[in-house]
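All remarks here apply to the structure that follows.
Please treat every number below as a calculation from the coordinates, not as lab data. Note that the coordinates shown come from a computational prediction; the quantities given were computed from them, not determined experimentally. A quick note on method: Cβ atoms are made from the backbone with ideal geometry, for glycine too, and the neighbour counts reach across all protein chains shown.
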Amino acid sequence: MGFCVNIFDNKLLIAGLILLWTCVSSCVFCVIMIKDDSNFLMLGPNTRNQLFGVKMDTWFKWWVTAIYTFVSTAIAAFASDALCPFFTNVIEDHKTVHIPYSKFTCLMIVQVFTIYGVIMSVIGMFVALTQVDFMFIRIAADLIVNGHTTYYFLRGKIVNPALYNQWKDNQTQCTSKNSWVIMDDCESELLETEHLKTRQDLERRKDLETQEHLHTVQTPKIVDSGS
């Protein structure tokens, strides 16, 4: 049990493991498809692959599908990164009382995203399963958009493993209790502790500035008698 917990807490190890599993799975199925001469491994326009019953036999059809794949994937990645945290942290979180839109507007945003997700997932699945080059285009679009959105989320973050582990331990202690009220009390105590540390840091900075100012004022000036 402790081994699984350690793996769960080590996000870098999990990323390495899923990358390894992705490579192994891709290699296995590539070998199978190469031996079977699968249509999925074909690149560019050809007469063997079809999308919704339409043969991808011209460069025009291929480029239209490729451009659609890139734009649609980019929109999906951006919308998901922008809206899913809003759904989770604002609409669904019981601790968030104030919302930026009316309740009806929030409902409409959720419903529009649901309809969009269902339709685009069906189209995207058929496009991705047509041939491998469209899958590569989807991966490229996802990496580009997720790189920008992740950079946006990381703005203002400070790398400090020690403080992160301390915060995680405090969260674990709070969530191990059965009462939401107790958890809110724990979160309030954490916030008060953070505010206290911030105030102490500000007071130290003010004291240092005051001492520097007094030292500057009390330093005697050298008067040039020859002037």
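Please arrange S102, S38 by counting, for each residue, the other beta carbons lying within 10 Å of its beta carbon, fewest first.
Sorted ascending by nearby Cβ count, the order is S102, S38.
Highest mean first, what order results for 157-167, 110-120 on Cβ atoms within 10 Å?
Averaged packing, sorted descending, gives the order 110-120, 157-167.
Which whole-Hz ³J(HN,Hα) couplings does region 90-103 yield from phi under the Karplus relation 6.51 cos²θ - 1.76 cosθ + 1.60, θ = phi - 60°, glycine and proline marked x?
Each residue's phi maps through the Karplus curve to give 10, 6, 8, 7, 5, 7, 8, 8, 8, 10, x, 10, 5, 5 Hz.
Once region 40-157 is represented by equal point scatterers at the alpha-carbon sites, with solvent omitted, what log10 I(q)/I(0) does the Debye formula produce at q = 0.10, 0.16, 0.19 Å⁻¹?
Scattering profile of region 40-157, log10 relative to I(0): -0.42, -0.83, -1.01.
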